[in-house]
Amino acid sequence: MGTSSTTKASLAAAALLLLLSLAAAADMSIVSYGERSEEETRRMYAEWMARHGKAYNAIGEEEQRYQVFKDNLRYIDAHNAAAADAGVHSFRLGLNRFADLTNEEYRAAYLGVRTKPTRERKVSSRYNAGDSDALPDSVDWRAKGAVAEVKDQGSCGKHPSTPASPGFCRNIIFIHALHKNAKVVTIDSYEDVTPNSEKSLQKAVANQPISVAIEAGGRAFQLYSSGIFSGTCGTALDHGVTAVGYGSENGNDYWIVKNSWGKSWGESGYVRMERNIKASSGKCGIAVEPSYPVKKGENPPNPGPTPPSPTPPPTVCDSYYTCPESTTCCCIYEYGKYCFSWGCCPLEGATCCDDHYSCCPHEYPVCNVKQGTCLMAKDSPLSVKAQKRTLAKPHWAFFDNNAADGRKSSA
């Protein structure tokens with residue numbers, strides 16, 4: 001009897017160990033499935049750096065950024081696996097320009113802070129939605145030539161806000177109806193679409209592009225690549241964009257939203273966002289503060305054709321040396337307070353680095369001579385490659401060249 005009990009206990013223990021082993025093996029297969037090797041990840045990092053022209057400043061910075069890149073890649077792979085295999089998501093993520101930034105760094109560098117508007121808000125009834133409104137199923141103002149090309153705003157600190165909502169990184173709306181026959185357009189005021197009504201926003205977008213604000217701080221929005229964005233977000237509005245259309249795909253309604261982070265982000269600079277969701281504020285608060293410019297009076301008369309610009313004068317370094325136009329004079333050999341030899345930086349308003357050899361653009365004014373890079377700020381991860389100076393020419397060389405070209409020098 002005791003032997004039988006012992007045998008049963010042994011068999012039960014063996015069975016339990018077998019189950020645990022199988023579970024562990026299954027768990028290992030799940031963990032390893034789809035994971036990338038270190039070699040593959042580093043190759044992808046090198047390709048991404050080359051594609052986006054990345055250069056890092058301090059020793060160890062490239063490795064630090066690699067670890068951030070690697071973590072973002074894991075997040076991207078996990079999201080896209082769920083999107084493709086389980087149909088959990090309607091959008092995909094990718095290694096865009098923000099792939100080496102943590103979410104905190106991305107939000108600090110590219111998103112604004114909501115501030116109290118300086119203008120009085122004027123909610124108009126022009127686009128109030130009614131039950132009898134017959135709106136088109138889809139609208140795309142890009143196809144009508146009413147949307148300017150996607151541009152890169154840079155960081156929020158350098159991007160101007162619209163009068164509608166200072167503090168936001170706002171897109172500037174160009175409405176075809178306002179400048180169809182005029183080169184000079186004046187905006188008289190701004191009006192707000194009825195807030196917290198996607199139907200009213202739809203009616204407005206059916207008539208013209210509309211400036212909107214959204215909460216864009218989520219990690220999924222940071223790394224968005226394509227599809228209809230359905231990620232988690234709230235209504236802490238921190239980014240200005242433009243709704244330029246709407247439509248539906250496979251029964252899913254979406255907004256067409258123009259961003260200002262260049263064409264390498266999202267769908268060539270655009271994002272499609274969920275439309276007609278349960279929350280009245282719309283996806284990421286898109287229906288909270290929509291507005292549009294108002295044109296009441298006549299435009300100023302066209303100034304006519306622009307006369308040809310005069311030939312820019314060369315940049316004078318001192319009484320003896322000159323650099324070409326749109327360049328910066330940088331001293332190459334200095335003794336005491338005097339410069340005995342000048343170089344030309346091929347940038348306007350550049351910073352001359354202390355090595356007397358390189359220079360940096362004014363947008364990246366901090367020289368890192370050791371690494372040969374230029375930083376946006378001392379501790380910024382954003383950098384570009386430093387430029388080299390060329391030798392300045394004596395004044396007589398410019399006079400001779402200008403005479404040969406039939407041009408008169410103003411030096």
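The values are calculated or read from the model by the stated rules, or taken from the named source; none is laboratory data. It should be emphasised that the depicted structure is a prediction, and the values quoted were computed from it without experimental measurement. Every residue, glycine as well, gets a Cβ built from its backbone with ideal geometry; the counts of neighbours run over all protein chains shown.
Results, tabulated for the structure shown:
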{"read-out": "Residue count for segment 63-96, restricted to those that are β-branched (Val, Ile, Thr) and modelled with pLDDT of 95 or more", "value": "2"}
{"read-out": "Qualifying residue in segment 390-411 (condition: closer than 30 Å to Val68 by Cα, assigned to a loop (DSSP other than H, G, I, E, B) and at pLDDT below 90)", "value": "no"}
{"read-out": "Within segment 231-260, tally of residues that are closer than 20 Å to Arg107 by Cβ and of a type in the set (Ser, Thr, Tyr)", "value": "3"}
{"read-out": "Single condition Ser358 does not satisfy, out of (1) at pLDDT 90 or above; (2) out of contact with any His (no Cβ under 6 Å at 6 or more places or on another chain); (3) under 16 Å from His395 (Cα atoms)", "value": "(3)"}
{"read-out": "Residue under evaluation Ser264, criteria (1) modelled with pLDDT under 95; (2) among the polar types (S, T, N, Q); (3) surrounded by 23 or more Cβ atoms within 10 Å (Cβ to Cβ); (4) out of contact with any strand residue (DSSP E or B) (no Cβ under 8 Å at 6 or more places or on another chain), criterion not met", "value": "(3)"}
{"read-out": "Selection count where residues are exposed (fewer than 15 other Cβ atoms within 10 Å of the Cβ) and among the hydrophobic types (A, V, I, L, M, F, W, C), scope segment 370-385", "value": "1"}
